[in-house]
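Everything below concerns the one structure shown next.
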Amino acid sequence: MSRAVPRSRASLTPSRSRSRAPLALAVSAALAAPLALTAPAAASATGQYTVTPLKFTVQAGGRTCTIDADLYRPAGVDGSHTAPAVLATNGFGGSKSDGSTDAIGKAFAARGYVGLVYSGLGFGNSGCLVSLDDPRIDGQAASQLVDFLAGKRAADDGTKADYVTQDGSGDPRVGMVGGSYGGAIQMATAAVDHRVDALVPLITWNDLAYSLDPNNAVGAAGVPGAFKWQWTNGFYAIGEGQPLLAPSLDPSRINSLTCLHFVSEACETVRTLNSGSYPADRTRQLLAYARSVSPVSYLNQVKAPTLLVQGQADSLFNLNEAEATYRTLKANGVATKMIWQSWGHSGGLTDPASGELNLSQGNLETSYVGRRILAWFDRYLHHKKDVDTGPALAYYRDWIDDPGTTYGTASQVPALNRTLYLSGDGKLVDDRSKVARGSRVYANLLTPTSHSESSLAGVIGVSDPDPYDIKGTYLGWTSEPLTEPVDVVGAPRAALRVVSPAAERVQDSGDAADKLVLFAKLYDVAPDGTKTLVHRLVAPVRVPDVTRSFTVTLPGIVHRYEEGHRLEFVIAASDDAYFGNRGIKPVTVRSSPEDTGVLRLPVVRG
C-alpha cells in the first residue's frame, strides 16, 4: 500500500460518523491526478535494454482477467546468453507506470536482469478485483507470470521469454522486489510457487488484522484492537475509486454496487471495522479473513531467501511486522536478513534522507540498502556463493550525520535488557525499591483527547500538529535526566495492571467494543520540556480482561535519547487516528514496590 504520503500532516478530528466519508472523497480526488495512466507505448530501446508492453490473460479467483505488464530485456541477452529475471508490481493504488515501479524494471535491466513489471490485479489497466495480495488469487496470478519467464507460456501477442536463466525445465531463476502492496505479493507468490528464488519485500505487512485493527496486548488472540480508521478508509477509498481513476468496461474489475472493486470479504471487513461493534462471531470472521490474506497465515510455505526491509517512519506497517515475519522465516530455516531503513509510509517515502535507497532514482550502488539488495540477488540469482549479504540486522541511526556510517548492525534483534518501574508519584525509576506507593486516575471523554498523527492528511495537502494529550485523560511516568545517551533499538514492552470498574461491568457483554481501550507510548523529553513522540508511533490496546495484568508490546523504534533528556512513558485514553472506548471508563493505576508496572527497553548503548 505504498502511494506516496508526504511527511506534513494535520489534525483530522471531526466526529467519526461525519468525518470518514468526506475524508474518503478527498483522498480519492487528491489521488486522481497522480494516478492518471498513460497509454502503453510500443517496444522502445535505450541502448541498454528494450521495453515491450505485454498483456497476459490469467485465471484469478474464479475470474478471467488481463494483466498489463512491461518486459525489460537487456541488450545482448538471448537464448545463448541468458540472464536471471526480476518480477515486480506496484504499491496500493499504483500501476506498472508509476515512478517507483517502472524504476525497478529500468534499474535491474540496466544491471543485466530481465525485468517483468506489471500492474497488480485491479490496478492500472489490469483486470480482476482488488484482493489484498491473497495468495489464492494474486499469488496464483503472479505464478502464471513466472510460467512466462519459464518459457512455459507466451504473452497474449505470442511473445516468449526464452532467454531467462533456468535452474531446470520450467524453472526460471527469478527474484522479486517491491514495496508495501508490492512487498506482500512476493511472499504470496513464493508461498504458492517455489520456483521463486529470492525476495526483497519493503515496508509491508505481516498481519493485516494487526496493521488495520492493532491490539498490542501480548496474547490477546481473538480480541480485536483499536481500528486504525484513517489509514484504512483512505486506502479503501483509493481501491473503490479505481474504476474511475482507470476507466474500464472490463467486467472482471467490477464486483457489485455495494462493493465496487474489492473482493466482497474485503468490503465486509472494512464495514465491520467502521461499525464500531465487534460481536464474537463477526470478530472471528473479520480476523480470519484479514489473516488468511496475510503472510502470518502462509509463511510456513515460503522457502525463498528473503531480505526484509522495513521503515522506521511507518505507522501503517511498523517494525514489529517485519520482525514477526523475520522470526517465523528464521524458525523455518529460511535464509533471512532484515534492514530497518529510515523511510516508510509516514515519512521520507517521496524524499528519502541522504544516502538512503530511492526507488524512483534507482540509486542501488550509492545507497546502503541498494547495495544490500544487489548483493542478495548476486548471491541467490547469480549464485555467487562468496558474496557477503551483510549482517542479520541493520538499522538506520538518524543521529549520525555521515551518510556512509548511518547504519548500525547486530547479529540478532536486540534483547530487552533495561528495566524501569512505574512509581506512584509519576516517576519512572530504575529500581523497584524506589517505587512510591500511590494511585493515579485518568478518564476518557466521548471525543478523542490525544493526537499522535493524522495518517492521511499529507495526501490532501494539510499540515499535522505536534502530538498532544489533554490533561486528565492520560497518565505519564518520567525518568530522571539521562547521564549519558541511551540508544533504544527495537520494541519496548510494558507489563501493566489497571483498575476500571466501569469497564469490568461491561467487558463480558459479548461485544468486544465494550472492552477497555488505551494507548501506550514513549516520549523523548528534552531539557527545555519539548516532547517528541518518535515517528508518532503508539501502541493501541483493547484490554482482554481488566481484572488481570497484561503486557503491551510498543512499536519498534531506533532512537537515541540524548544525555540530559528524559523518557516519559504514557498511557492515554484515546487517539484521534483510532477508534477508542465506547462509553466513559475511568482508569486507576496503583503502584507499590511489590506490585507496579514495568517498562523494559532494548538498549544497545547507555
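The values are calculated or read from the model by the stated rules, or taken from the named source; none is laboratory data. None of the values given here were measured: they were computed from a predicted structure. With ideal geometry, Cβ positions are generated from the backbone for all residues, glycine too; neighbour counts draw on all protein chains shown.
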Would segment 493-501 turn up any residue that is touching a helix residue (DSSP H, G or I) at 6+ places or on another chain (Cβ under 9 Å), not aromatic (Phe, Trp, Tyr) and not in a strand (DSSP E or B)?
no
Any idea which residue in segment 369-415 is surrounded by the most Cβ atoms within 10 Å (Cβ to Cβ), counting only those that are within 22 Å of Thr165 (Cα to Cα), free of Cβ contacts under 8 Å to residues at least 60 places away in the same chain and of a type in the set (D, E, K, R)?
Asp378
Tabulated pairs, segment 427-450, first closer than 10 Å to Gly580 by Cβ, second aliphatic (A, V, I, L, M) and surrounded by fewer than 18 Cβ atoms within 10 Å (Cβ to Cβ), C-beta under 8 angstrom, 6+ apart or interchain
Asn444/Ile584; Leu445/Ile584; Leu446/Ile584; Thr449/Ile470; Ser450/Ile470
Only one of (1) in contact with a helix residue (DSSP H, G or I) (Cβ under 7 Å, 6 or more places away or on another chain); (2) over 24 Å from Thr50 (Cα atoms); (3) in a loop (DSSP other than H, G, I, E, B) is not met by Asn215, so which one is it?
(1)
Under 8 Å by Cβ, and 6 or more places apart or on different chains, what pairs join a residue from segment 508-529 that is more than 21 Å from Ser452 (Cα to Cα) with one that is among the hydroxyl-bearing types (Ser, Thr, Tyr) and part of a loop (DSSP other than H, G, I, E, B)?
Asp511/Ser277; Asp511/Tyr278; Ala512/Tyr278; Ala513/Ser277; Ala513/Tyr278
Provide a single number: the residues in segment 297-316 that are surrounded by fewer than 20 Cβ atoms within 10 Å (Cβ to Cβ) and either in a helix (DSSP H, G or I) or aliphatic (A, V, I, L, M) (or both).
3
Among strands (runs of 3 or more DSSP E) lying entirely in segment 138-209, which contain 3 or more residues that are of a type in the set (A, V, I, L, M, F, W, C) and surrounded by 24 or more Cβ atoms within 10 Å (Cβ to Cβ)?
174-179, 196-202
Unique match (being assigned to a loop (DSSP other than H, G, I, E, B) and crowded, with 19+ Cβ neighbours inside 10 Å) among Ser455, Ser463
Ser455
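Could you look through segment 474-505, keep only residues that are among the β-branched types (Val, Ile, Thr) and more than 29 Å from the chain's Cα centre (by Cα), and pick out the one that is nearest to Gln310 (Cα to Cα)?
Ranking the candidates gives Thr478 first.
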Name every residue in segment 88-112 that is crowded, with 24+ Cβ neighbours inside 10 Å, touching a strand residue (DSSP E or B) at 6+ places or on another chain (Cβ under 9 Å) and not hydrophobic (A, V, I, L, M, F, W, C), in order of residue number.
Thr89, Asn90, Gly91, Ser95, Lys96, Ser100, Thr101, Gly105
Going through segment 464-512 in order, the residues found to be touching a Pro at 6+ places or on another chain (Cβ under 8 Å), within 20 Å of Val552 (Cβ to Cβ) and hydrophobic (A, V, I, L, M, F, W, C) are Val488, Val489, Ala491, Ala512
Gly472 out of contact with any His (no Cβ under 6 Å at 6 or more places or on another chain), more than 30 Å from Gln285 (Cα to Cα) and surrounded by fewer than 23 Cβ atoms within 10 Å (Cβ to Cβ)
yes
Pairs needed: first member in segment 149-172, in the same structural domain as His382 (by TED's automatic domain parsing) and touching a residue at least 12 places away in the same chain (Cβ under 8 Å); second member anywhere, of a type in the set (Phe, Trp, Tyr) and in a loop (DSSP other than H, G, I, E, B); C-beta distance under 6 Å; at least 6 residues apart or different chains.
none
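Keeping to segment 226-257, report how many residues are assigned to a loop (DSSP other than H, G, I, E, B) and modelled with pLDDT of 95 or more.
3
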Considering only residues that are in contact with a helix residue (DSSP H, G or I) (Cβ under 8 Å, 6 or more places away or on another chain) and charged (D, E, K, R), which ones fall in segment 59-107?
Arg63, Asp70, Arg73, Lys96
Of the residues that sit in segment 343-368 and are crowded, with 24+ Cβ neighbours inside 10 Å and of a type in the set (Gly, Ala, Ser), which one is nearest to Tyr407 (Cα to Cα)?
Gly344
For segment 469-487, give me each residue that is part of a strand (DSSP E or B) and under 16 Å from Ala526 (Cβ atoms).
Gly476, Thr478, Val486
Is it fair to say Ser591 is hydroxyl-bearing (Ser, Thr, Tyr), assigned by TED's automatic domain parsing to the domain that holds Asp466, crowded, with 19+ Cβ neighbours inside 10 Å and closer than 19 Å to Thr447 by Cα?
no
Exception for Ala288 within (1) of a type in the set (Gly, Ala, Ser); (2) surrounded by 19 or more Cβ atoms within 10 Å (Cβ to Cβ); (3) modelled with pLDDT under 95 falls at (2)
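Yes/no per residue for (1) among the hydrophobic types (A, V, I, L, M, F, W, C); (2) modelled with pLDDT under 95; (3) under 30 Å from Ala394 (Cβ atoms):
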| position | (1), (2), (3) |
| --- | --- |
| Leu422 | yes, no, no |
| Ser433 | no, no, no |
| Arg437 | no, no, no |
| Ser455 | no, yes, yes |
| Gly461 | no, yes, no |
| Ile470 | yes, no, no |
| Leu475 | yes, no, no |
| Asp508 | no, no, no |
| Asp511 | no, no, no |
Cβ-Cβ distance below 9 Å, separation of 6 or more or different chains: which pairs start in segment 212-241 with a residue that is farther than 20 Å from Ser277 by Cβ and end on one that is surrounded by fewer than 23 Cβ atoms within 10 Å (Cβ to Cβ) and basic (Lys, Arg)?
Val218/Arg493
Do we have any residue at all in segment 492-510 that's within 18 Å of Ser315 (Cα to Cα) and either of a type in the set (Gly, Ala, Ser) or not assigned by TED's automatic domain parsing to the domain that holds Thr406 (or both)?
yes
Go through segment 544-566 and give me each residue that's closer than 25 Å to Leu316 by Cβ, out of contact with any helix residue (DSSP H, G or I) (no Cβ under 7 Å at 6 or more places or on another chain) and not hydroxyl-bearing (Ser, Thr, Tyr).
Pro544, Phe550, Val552, Leu554, Val558, Arg560
Meets criteria (surrounded by 14 or more Cβ atoms within 10 Å (Cβ to Cβ), in the same structural domain as His565 (by TED's automatic domain parsing) and among the aliphatic types (A, V, I, L, M)) for Val441:
no
